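What follows is a short report on a single structure.
The values are calculated or read from the model by the stated rules, or taken from the named source; none is laboratory data. Values in this document were obtained by computation on a predicted structure and should not be read as measured data. All Cβ positions, even for glycine, are placed from backbone atoms using ideal geometry, and neighbour counts span all protein chains on display. Calculation scope for accessible area: heavy atoms of the full protein, side chains included, ligands and nucleic acids excluded. Shrake-Rupley method; radii C 1.70, N 1.55, O 1.52, S 1.80 Å.
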Amino acid sequence: MQLQNKFVQTIPGTVWVLGFVSLLTDISSEMINSVLPLFLVSVLGANVLTVGIIEGIAEATASVLKIFSGALSDYLGHRKGLAVFGYGLSTFVKPLFAVATSPTGVLIARFGDRVGKGIRVAPRDALVADSTNADVRGAAYGLRQSLDTIGAFLGPLAAFALITASENNFRLIFWLALIPGFFAVALLTVGVREPQTSETQGNRSNPLQWEALRSLGQGYWVIVIVALLFNLGNSSNAFLLLRAEQTGISASLIPLTLMVMNIAYSLSAYPLGILSDRVGKFGLLVGGFLLYALVYLGFAFVQTPWQAWGLFALYGLHLGMSKGLLLALVANSIPANLRGTAFGFLNLAVGLALLPASLLAGGLWQTLGAEATFIAGSLFALAAVLLLVTQKNKY
């Protein structure tokens with residue numbers, strides 16, 4: 001308990017505010033995302049492949065944009081303005097979901113939402129690194145992830161309550177999702193002050209030039225390749241929701257599967273972040289990737305609702321073991337003036353993988369069945385672990 005209190009006192013207010021901004025934003029986003037696949041299939045008549053295309057395009061767009069927003073924040077030496085703009089854009093396109101009458105309308109809304117995410121994420125992650133010392137950075141990223149994920153399970157919970165009370169009125173949920181998003185933008189605007197380390201520097205240089213990218217180091221670029229490989233098998237959560245429905249979980253309970261996943265994520269991310277600052281991040285990260293491979297293999301052969309609920313909980317533990325630790329590992333190994341660019345390229349790797357990953361998942365599901373989708377995801381994760389372990393000496 002003393003150790004945990006020490007980290008609570010050391011982590012600066014900026015990280016706490018960014019965490020609560022993420023919490024509110026995720027309530028808003030997950031209210032929509034937890035029911036969007038069902039809305040597409042049951043209301044708009046889309047097939048599973050269409051769901052995969054929409055999710056792949058949207059997520060790939062977000063990840064590609066992160067490199068430019070991250071590099072721009074490094075060049076300007078300021079990150080908050082880009083973060084505010086990104087969060088604001090994601091919030092104010094949410095009404096487009098409520099008025100969509102076709103899968104194309106949903107695609108436009110998802111595109112706008114993910115553009116906002118693409119703009120905000122790299123500057124926000126760099127703000128966390130700018131605001132913290134290396135010896136508490138695992139705890140800081142874990143804390144932000146935990147708060148983020150509290151929102152990610154409150155969102156599906158709110159969607160479950162609303163969908164039950166309104167008799168499957170999806171559009172009402174989409175309208176109400178605007179409220180927490182608005183409060184997130186307001187909190188970020190008034191609650192975050194730019195850290196001294198990220199203020200404009202006298203001599204600006206292009207962070208995307210060859211010498212700057214080379215200075216990020218070989219170990220960093222190995223992590224980028226690992227992220228690319230891993231995410232080729234990490235398709236949209238929409239497929240997990242559809243798989244849950246196949247096991248016999250009712251439509252009204254589907255949003256609660258994400259709640260279970262995110263409870264496990266939120267409870268594990270901060271303690272594991274603290275642990276990583278003491279024992280090292282590499283081993284925990286490898287363990288998180290291996291757990292993912294086992295969970296996806298489980299989804300391939302799941303047969304009953306109780307098995308599905310358990311797999312969602314383990315998937316949340318995987319997220320707690322990997323997401324924040326990966327960011328902290330990167331932040332501790334790169335020059336401070338290139339943090340935005342580094343996080344941008346990391347997310348670009350994820351983005352390049354997400355579109356083919358969702359297309360592959362949808363295609364395998366349509367042609368060979370759901371089992372093939374999840375077996376492929378497990379194999380990609382194992383390949384990523386193998387590459388990471390062979391490069392252990394770089395960390």
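Quick notes
- Scanning segment 137-162 for residues that are modelled with pLDDT under 85 and over 16 Å from the mean Cα position of the chain (by Cα) yields a count of 2.
- Some residue of segment 195-213 being in contact (Cβ under 8 Å) with a residue 40 or more places away in the chain, touching a Pro at 6+ places or on another chain (Cβ under 6 Å) and within 30 Å of LEU24 (Cα to Cα): no
Here is a yes/no grid of residues against (1) under 16 Å from the mean Cα position of the chain (by Cα); (2) surrounded by fewer than 24 Cβ atoms within 10 Å (Cβ to Cβ); (3) among the β-branched types (Val, Ile, Thr):
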{"position": "GLY233", "(1), (2), (3)": "yes, no, no"}
{"position": "LEU242", "(1), (2), (3)": "no, yes, no"}
{"position": "GLN246", "(1), (2), (3)": "no, yes, no"}
{"position": "ILE249", "(1), (2), (3)": "no, yes, yes"}
{"position": "LEU253", "(1), (2), (3)": "no, yes, no"}
{"position": "LEU256", "(1), (2), (3)": "no, yes, no"}
{"position": "VAL260", "(1), (2), (3)": "no, yes, yes"}
{"position": "ILE263", "(1), (2), (3)": "yes, yes, yes"}
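- Hits in segment 372-395 - residues which are within 28 Å of ALA212 (Cα to Cα), touching a residue at least 24 places away in the same chain (Cβ under 8 Å) and open to solvent by 20 Å² or more (accessible area, probe 1.4 Å): LEU387, VAL389, GLN391, LYS392, LYS394, TYR395
- Qualifying residue in segment 27-49 (condition: at pLDDT below 85, crowded, with 24+ Cβ neighbours inside 10 Å, under 15 Å from the mean Cα position of the chain (by Cα) and part of a helix (DSSP H, G or I)): yes
- Checking each residue in segment 277-294 for being within 20 Å of SER378 (Cα to Cα) and either free of Cβ contacts under 8 Å to residues at least 40 places away in the same chain or among the polar types (S, T, N, Q) (or both) picks out GLY283, GLY287, GLY288, LEU291.
- Residue among ILE334, ILE274 that is in a helix (DSSP H, G or I), more than 21 Å from LEU379 (Cβ to Cβ) and either of a type in the set (A, V, I, L, M, F, W, C) or over 21 Å from the mean Cα position of the chain (by Cα) (or both): ILE274
- Checked against the criterion of being hydroxyl-bearing (Ser, Thr, Tyr), more than 23 Å from ARG339 (Cβ to Cβ) and not in a helix (DSSP H, G or I), the candidates SER235, SER268 yield just one match: SER235.
- Pair list, Cβ < 6 Å and 6+ apart or interchain, from segment 336-350 residues that are more than 15 Å from GLY77 (Cα to Cα) and open to solvent by 10 Å² or more (accessible area, probe 1.4 Å) to residues that are of a type in the set (Gly, Ala, Ser) and modelled with pLDDT under 85: ASN347/SER63; LEU348/SER63; VAL350/SER63
- Checking each residue in segment 354-371 for being without any contact (Cβ under 8 Å) to a residue 60 or more places away in the chain and surrounded by fewer than 20 Cβ atoms within 10 Å (Cβ to Cβ) picks out THR367, LEU368, GLY369.
- Flag for THR61 being within 15 Å of the chain's Cα centre (by Cα), more than 17 Å from LEU360 (Cα to Cα), at pLDDT below 85 and in a helix (DSSP H, G or I): yes
- Segment 290-308, subset more than 18 Å from VAL279 (Cβ to Cβ), crowded, with 19+ Cβ neighbours inside 10 Å and not β-branched (Val, Ile, Thr), residue nearest to the chain's Cα centre (by Cα): TYR292
- Condition met for SER250 (closer than 30 Å to THR50 by Cα, out of contact with any strand residue (DSSP E or B) (no Cβ under 8 Å at 6 or more places or on another chain) and in contact (Cβ under 8 Å) with a residue 24 or more places away in the chain): no
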